[in-house]
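Participant: I have a structure I would like to understand better, so I am pasting it below and will then ask my questions one at a time.
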Amino acid sequence: MNVLGIETSCDETAAGVVGGPGLQEQDELVPAAGEQGGLLVDVTYSQQVHAEFGGVVPELASRAHLEKIVPTVSTALRRAGILRPDAVAVTAGPGLMGAVLVGLSFAKAAAMAWGVPVLGVNHLEGHALSPFIGAALPRQPFLALVVSGGHSSLYRVAGVGSYECLARTVDDAAGEAFDKVARMLGLGYPGGPLIDHLARQGDASAVPFPRPKAPGLDMSFSGLKTAVRTWLEKHPDTPRADVAASFQEAVVDVLLDRLGRAALDTGLDVVAVSGGVASNTRFRQRLQSSGMDLRIPPARFCTDNGAMIAHAGRLGLLAGRRSPPDLGVRAVWPLGSASSSGLST
Ligand code: KG4
Ligand code: ZN
């Protein structure tokens, strides 16, 4: 079953196709166990229009999605060598509503024209399962950390569609903190990759930034962001690379601390890490040497992409999930809430 995945929740217009045997050929398939959907293609158009504003402008994002959605999807289908997919998976939330609307409207119309089912996918589920694009799911349950621009959450995954949120950020998301600190350092947007790059020339122990704590396993990054601002006010001559490296190290310490504690608390040893921040070079190095049973996608599947939506959608479709014809967008859609299964939205 070839599934077209469409992602337009923020500033990437993306389409991916994931394929492999469907239920007809594999009747004994236990949903999500041992099922490997191979990646056929992934096409991502990153909108440049926001750079001069230092952040994503929702109205401009919607307009750019509208312009790019048809070329992006047709390129993906052409590269996959198919005229039409067997099903369409599409991000239905959470995200910028105007942006999600473009992808969802397109997906519903295309699925109707092709006469194939459509499944609304939770963007966070796309990230959480992205370490397993083209690979089998691990033994369940396992831990999944999603660290992106809008979310920093830790889940216990009991199976596809079964997520328990163990922790979240109480204020800024990790990626948001990267973006805000990059702005303070005059680096531009998006800030994560720019800090990642600059930090390579810096000394991570140069500035003693705090490692903020929140109750339980929760995370907090806004105090750290304020600490950077205060430091820059008091010590404006500190090399920016040292500030970047020290800030980055603090974020990585907090994330590793939370993961380590969660593994200890739950007794789960497999840890799947995803989302834009999971493409951070230093974070990946530290994760690799942490001794955890780590599952992490290649960097291009950490930031928003269509393959992760195709992949999560395909697993959901194989498990029998379908969205109703009146599928709508969901601005707030916590993973782990009753309807995150995609059965209804
Ligand atoms: O997952 P994503 O593409 O979009 C959301 O769902 O939010 O994540 C984007 C976030 C941005 O905040 C961006 O600055 C951050 O991920 N990011 C990074 C890196 N690449 C992207 N943060 C740290 N290091 C990176 N290399
Ligand atoms: Zn994302």
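Participant: Cβ neighbours within 10 Å, averaged per peptide: list 130-143, 260-273 in order, most packed at the top.
Facilitator: Those peptides, ordered most packed to least, come out 130-143, 260-273.
Participant: What percent antiparallel are the DSSP beta bridges of the chain, to the nearest 5?
Facilitator: 60 percent
Participant: Could you tell me which residue out of VAL170, VAL56, GLY306 lies farthest along the dipole of the chain toward its positive end? Charges go on the beta carbon: Lys and Arg +1, Asp and Glu -1, centred on the Cα centre.
Facilitator: My answer, from the dipole projection, is VAL56.
Participant: While we're looking at this one, here's another question. Does a label point 7 Å from the Cα of LEU256, set along Cα-to-beta-carbon, have any residues of the stretch 203-234 with amide nitrogen under 20 Å, and which are they?
Facilitator: Once the point is set 7 Å along Cα→Cβ of LEU256, 203-214, 217-221, 224-225 turn out to lie under 20 Å by backbone N, inside the stretch 203-234.
Participant: OK, next. For THR281 paired with LEU83, estimate the spin-label separation in nm (one decimal), with each label point 7 Å from Cα along the Cα-to-Cβ line.
Facilitator: Label-label distance for THR281 and LEU83, simple model: 4.7 nm.
Participant: Moving to a separate point now. What aspartates and glutamates sit close enough to LYS68 to cross-link, taking a C-alpha to C-alpha distance under 12 Å and skipping anything fewer than 8 places away on the same chain?
Facilitator: Within the straight-line cut-off, LYS68 pairs with GLU7, ASP11, GLU12.
Participant: Right, another one. Ignoring the sites themselves, what is the longest stretch of the chain with no GluC sites (Glu not before Pro) in a DSSP loop and at most 11 other beta-carbon atoms within 10 Å?
Facilitator: 29-345
Participant: Which entries of LYS180/LYS213; LYS213/LYS234; LYS108/LYS225 have Cα-Cα distances beyond 31 Å here?
Facilitator: The pairs that break the limit, which is 31 Å between Cα atoms, are LYS108/LYS225.
Participant: From the helices alone, meaning DSSP H stretches of at least four residues, give me the mean residue ellipticity at 222 nm for the chain, per-run term -39500 (n - 2.57), in deg cm²/dmol to the nearest 500.
Facilitator: The helix contribution divided over the chain gives -12000 deg cm²/dmol.
Participant: What size of dipole, in debye to the nearest 20, comes out for the stretch 177-305 about its Cα centre when the only charges are +1 on Lys and Arg C-beta atoms and -1 on Asp and Glu C-beta atoms?
Facilitator: About 180 debye.
Participant: A further question follows. Tally Lys/Arg at +1 and Asp/Glu at -1 over every other residue whose Cβ is under 13 Å from the Cβ of HIS65; what's the total?
Facilitator: With Lys, Arg at +1 and Asp, Glu at -1, the net is -4.
Participant: In the stretch 205-260, which trypsin sites (Lys or Arg not before Pro) fall in coil by DSSP and have 15 or fewer other Cβ atoms within 10 Å?
Facilitator: Here the sparse-neighbourhood loop sites are LYS213.
Participant: Quick check for me: using +1 on Lys/Arg Cβ and -1 on Asp/Glu Cβ, what's the dipole size of the chain about its Cα centre, in debye to the nearest 20?
Facilitator: 120 debye
Participant: So what is the relative contact order of the stretch 189-345, in percent, for Cα pairs below 8 Å that sit 6 or more residues apart?
Facilitator: For the stretch 189-345, the relative contact order is 20 percent.
Participant: Please tell me the relative contact order of the chain in percent, rounded to the nearest whole number, where contacts are Cα pairs under 8 Å and at least six residues apart.
Facilitator: 25 percent
Participant: Separate question: Which whole-number percentage describes the relative contact order of the stretch 229-311, with Cα contacts under 8 Å and a sequence gap of 6 or more?
Facilitator: Answer for the stretch 229-311 is 26 percent.
Each reported figure results from applying straightforward, stated rules to the coordinates on display, with no laboratory input. Keep in mind it's a predicted model, so treat the numbers as computed, not measured. Positions of Cβ are backbone-derived with ideal geometry, glycine not excepted, and every protein chain shown enters the neighbour counts.
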